[in-house]
1. For the range 28-45, check the following and say yes or no: at least one residue is assigned to a helix (DSSP H, G or I), in contact with a Ser or Thr (Cβ under 7 Å, 6 or more places away or on another chain) and surrounded by fewer than 19 Cβ atoms within 10 Å (Cβ to Cβ).
2. Out of curiosity, is Y99 of a type outside the set (V, I, T) and within 21 Å of G24 (Cβ to Cβ)?
3. Kindly indicate whether A76 is assigned to a helix (DSSP H, G or I) and of a type outside the set (S, T, N, Q).
4. For the structure I just gave you, tell me whether E92 is in contact (Cβ under 8 Å) with a residue 60 or more places away in the chain, of a type outside the set (S, T, Y) and either under 17 Å from W34 (Cβ atoms) or out of contact with any Ser or Thr (no Cβ under 9 Å at 6 or more places or on another chain) (or both).
Amino acid sequence: MLDPDGGLLRGTLDVLILKALSWGPRHGYAVAEWVKMATDEHLLVEEGPLYTALHRLERKGWLTSEWGYSENNRKARYYQLSRSGRQQLRTEVSSWEKYVEAVTRALTMPAPRGT
């Protein structure tokens, strides 16, 4: 979902990053590309917010990182989920599912009688 300025809503980027890393380590650009591909290019992650989020999630202990080399032999920082990051992903997905269900219920509710 986008905010009025065209960016991701608060909390959305975190859960997308956690999901992108659920299959193994990725560098930042690969995380952004996964989000782009997974959302059929409806959500695009800018570099600034992405790296801010990656560093924040690492400070929270949900990610770990180490330096490595990308597919084109460039030095890159690879991020991966920690054990607490995997638990947080489960928590975040559950919260999102409840949120989507509640919003869908509200948006599909028929008009009350007498209005």
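No value in this document is a laboratory result; all are computed from the given coordinates. Predicted model, so just to flag it, every value in this text is computed and none were measured. For neighbour counting, all protein chains shown are included, and Cβ atoms are generated from backbone atoms with ideal geometry for every residue, glycine included.
1. No, the range 28-45 has no match at all.
2. no
3. Working: assigned to a helix (DSSP H, G or I): no; of a type outside the set (S, T, N, Q): yes.
It is false that A76 is assigned to a helix (DSSP H, G or I) and of a type outside the set (S, T, N, Q).
4. Values: in contact (Cβ under 8 Å) with a residue 60 or more places away in the chain: yes; of a type outside the set (S, T, Y): yes; either under 17 Å from W34 (Cβ atoms) or out of contact with any Ser or Thr (no Cβ under 9 Å at 6 or more places or on another chain) (or both): yes.
In short, yes.
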